[in-house]
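Student: Take a look at this one; I'll ask things after.
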Amino acid sequence: MLLGILKETAAGETRVALLPESLKTLLAQGISISVESGAGVCAGASDEAYTAAGATVTADRASILANADLLPIVNAPDAADQAKLKPGAVVIGFLKPLDAPEALKTAIARPVTLLSMELVPRISRAQSMDALSSMATVSGYKAVIMAADLLPRLFPMLMTAAGTIPPAKVFVIGAGVAGLQAIATARRLGAVVEAYDVRAAAGEQVRSLGAKFLDVDLGGINAEGGGGYAAELSEEALDRGRDLITKTAARSDVIVTTAQVPGRPAPRLIRRAAVEAMRPGSVLVDLAAPAGGNCELTKPGETQIINGVTLLAPLNLPAEVPVDASHLYARNILNFLALIVKKGVLTVDLNDEVQAGACVAHEGKPVNPRVAKLLEPPAVGLAAFGVAG
Ligand code: NAD
């Protein structure tokens, strides 16, 4: 069996799916590993390191695509690469199956088995494969570091002979994985932190990190969507959150916002008025930018300065920390591979909850029902022909 490691081609991508130290257990099973030259260079892994680990390094990307039986990757290959994949191969990575299912059509038709790291069920057995959590952890940390760097103030309280500097005030919206890491990082830097989440359960975690949890009375609405995620809220319930956010923004030096509802556009929680209420020099980092953003002024991927407030909307923060993001991702991938590669033999078992949950397509057909629905041809409206439905 041949496992291929490609150099990522998406703009700004610096991560790699497997590092040289990830290869030992795979090579010990008799698997051959072919690495595209330069694949790990941004993540601190040279071609020589892969060669020393026992892989073959080649500049011939097309031959890896055509011959690899197993292709762990970070981002989905583009259509031209998909058309070169070996039929029956298994591709595993962040495939964006719910955001951009159309972009996977060539691979599905090849046919290629597609396993999505985003769809790995978040059950305790699969925790070690939870790449969304790994990347959210990196993003939450980096968002605070970027904000601290841009803020024209210090984070910690300083008592000096020249006087006392008060601590920076950080407001974190959405206390999931990224938000909790943002809180922990801001606290370590000495900031005073407040946080808001619709899930009441997040309150205890926020407080355990030394931050203040801001509660909103949602009028008895159930904000828990299942699996630990938030539910999509009504406009009325969202408005209660928006009011709290506008009030809190006025006293915050930094806002890091991370609120998301799986499979839905990010909730618009931060009004223009909230940004305008912040002091000039303040910083807002919208980590929900890939899903459209939590702030109504966010332009995904762009940095704006609005009334002196810097609004960042990064699309791929893990790529700003490529060494450790790749280390975590490679561990997640390796743990998933342990499910599908046994004694050097590759088998995807769709009776297994984790593999079935992650499987986007197998043997030419979409497996995930949500992806299948998204890929259905649009129903021809009978009404258009004057026929009642
Ligand atoms: P996420 O990225 O979907 O959302 C981030 C946060 O935004 C969540 O805490 C959510 O409650 C919050 N949010 C959504 N709408 C909001 C709104 N209108 N206002 C304020 N906040 C809003 O979530 P995530 O970080 O991936 O994880 C969320 C939950 O899943 C957490 O409870 C986490 O502990 C749990 N989780 C479980 C596992 C596991 O069991 N393996 C793994 C990862 C996460």
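Student: In a shell of Cβ-Cβ distance under 10 Å around A211, excluding A211 itself, what net charge do Lys and Arg (+1) and Asp and Glu (-1) give? Before the final figure, lay out each step's value.
Tutor: Details: positive: R187, R207, K212; negative: E194.
Net local charge, A211 excluded: +2.
Student: Tell me the label-point distance for the pair S46, A100, using the 7 Å Cα-to-Cβ offset, in nm and rounded to one decimal.
Tutor: 3.3
Student: Something else about it: Report the accessible area of R268, computed with a 1.4 Å probe over the heavy atoms of all protein chains in place, in Å² rounded to the nearest 10.
Tutor: The accessible area of R268 comes to roughly 100 Å².
Student: Helix 177-188 versus the longest principal axis of the chain: what is the Cα-based angle in degrees, 0 to 90, to the nearest 10?
Tutor: Here the helix axis deviates by roughly 50 degrees.
Student: Would you mind working out the accessible area per residue for the chain, using a 1.4 Å probe, and quoting it in Å²?
Tutor: Averaged over the residues of the chain, the accessible area is 45 Å².
Student: Something else now. Collect residues whose amide H, placed 1.01 Å from N in the peptide plane, falls under 5 Å from the amide H of G225; neighbours closer than 5 in sequence don't count.
Tutor: Excluding prolines and chain starts, which carry no amide H, the hits are A230, A231.
Student: Given a Förster distance of 22 Å, report the FRET efficiency between V345 and T9 from their Cβ-Cβ distance, rounded to the nearest 0.05.
Tutor: E between V345 and T9, to the nearest 0.05, is 0.15.
Student: What is the distance in Å between the Cα centres of the range 190-234 and the range 249-281?
Tutor: For the range 190-234 versus the range 249-281, the Cα centre distance is 15 Å.
Student: Kindly express, to the nearest 10 degrees and within the range 0 to 90, the angle between helix 322-340's C-alpha long axis and the longest C-alpha principal axis of the chain.
Tutor: On a 0 to 90 degree scale, this one is about 50.
Student: Continuing with the same structure: So what does L374 come to for accessible area, using a 1.4 Å probe and Å² rounded to 10?
Tutor: Surface open to solvent at L374 totals about 90 Å².
Student: If DNA, RNA and ligands are ignored and the probe is 1.4 Å, what is the ranking of H362, H327 by accessible area, most exposed first?
Tutor: Highest to lowest solvent-accessible surface, that is H327, H362.
Student: How long, wide and thick is the range 144-274, going by the Cα atoms along their three principal axes, in whole angstroms, largest first?
Tutor: 52, 30, 24
Student: Express the C-alpha Rg of the range 282-382 as a ratio against the empirical globular expectation 2.2 N^0.38 Å, rounded to two decimals. Intermediate results must be reported in sequence, preceding the final value.
Tutor: Details: Rg = 20.2 Å, N = 101, 2.2 N^0.38 = 12.7 Å.
Dividing the Cα radius of gyration by 2.2 N^0.38 Å gives 1.59.
Student: Rounded to the nearest angstrom and ordered from largest down, what semi-axes does the equivalent ellipsoid of the range 240-279 get from its C-alpha gyration tensor (root of 5λ)?
Tutor: They are 20, 10, 8 Å, listed from largest to smallest.
Student: In debye, nearest 20: dipole of the range 1-141 around its Cα centre with unit charges on the Cβ of K, R (+) and D, E (-)? The partial results should precede the final answer.
Tutor: Details: 11 positive and 14 negative charges, 70 e Å.
Computed about the Cα centre, the dipole is about 340 debye.
Student: Sort V371, V177 from largest to smallest accessible area, using a 1.4 Å probe on the heavy atoms of the protein chains.
Tutor: From most accessible down to least: V177, V371.
Student: Heavy atoms only, probe 1.4 angstrom, no DNA, RNA or ligands counted: give me C295, C42 ranked by accessible area, highest first.
Tutor: Highest to lowest solvent-accessible surface, that is C42, C295.
Student: Now, a different point. Relative to the longest principal Cα axis of the chain, at what angle does helix 235-249 sit, 0 to 90 degrees, rounded to 10?
Tutor: In the chain, helix 235-249 runs at an angle near 60 degrees to the longest axis.
Student: Could you calculate the contour length gain from K365 to S208, that is, 0.36 nm times the residue separation minus the distance between their Cα atoms, to one decimal place in nm?
Tutor: Details: separation 157, 0.36 × 157 = 56.52 nm, distance 4.58 nm.
My answer for the length gained is 51.9 nm.
Student: Would you mind checking the pairs K169/K299; K24/K373; K96/K169; K24/K86 and listing those with alpha carbons more than 28 angstrom apart?
Tutor: K24/K373; K96/K169
Student: What is the calculated FRET efficiency for K24 to A66, with r their C-beta to C-beta distance and R₀ = 35 Å, to the nearest 0.05?
Tutor: 0.85
Student: Taking K and R as +1 and D and E as -1, what net charge do the other residues with C-beta under 10 Å from the C-beta of G281 add up to?
Tutor: So the environment of G281 carries a net charge of +1.
Student: Please compute the volume of the convex hull spanned by the alpha-carbon atoms of the range 39-145 and report it per residue in Å³.
Tutor: It is 142 Å³ per residue.
Student: Using a/c under 1.5 as the rounded threshold, could you call the range 210-252 rounded, prolate or oblate? The axes a ≥ b ≥ c are square roots of the C-alpha gyration tensor eigenvalues, and prolate needs a/b larger than b/c, oblate otherwise.
Tutor: oblate
Student: Report the far tail of the P(r) of the chain, meaning the percent of Cα-Cα pairs longer than 35 Å.
Tutor: 34
The values are calculated or read from the model by the stated rules, or taken from the named source; none is laboratory data. Predicted model only: the values in this text are computed from it and were never measured. Note that each Cβ is placed from the backbone with ideal geometry, even for glycine, and that neighbours are counted across all protein chains shown. To get the accessible areas, we keep the full protein, side chains included, count just its heavy atoms, and leave off ligands, DNA and RNA. Shrake-Rupley method; radii C 1.70, N 1.55, O 1.52, S 1.80 Å.
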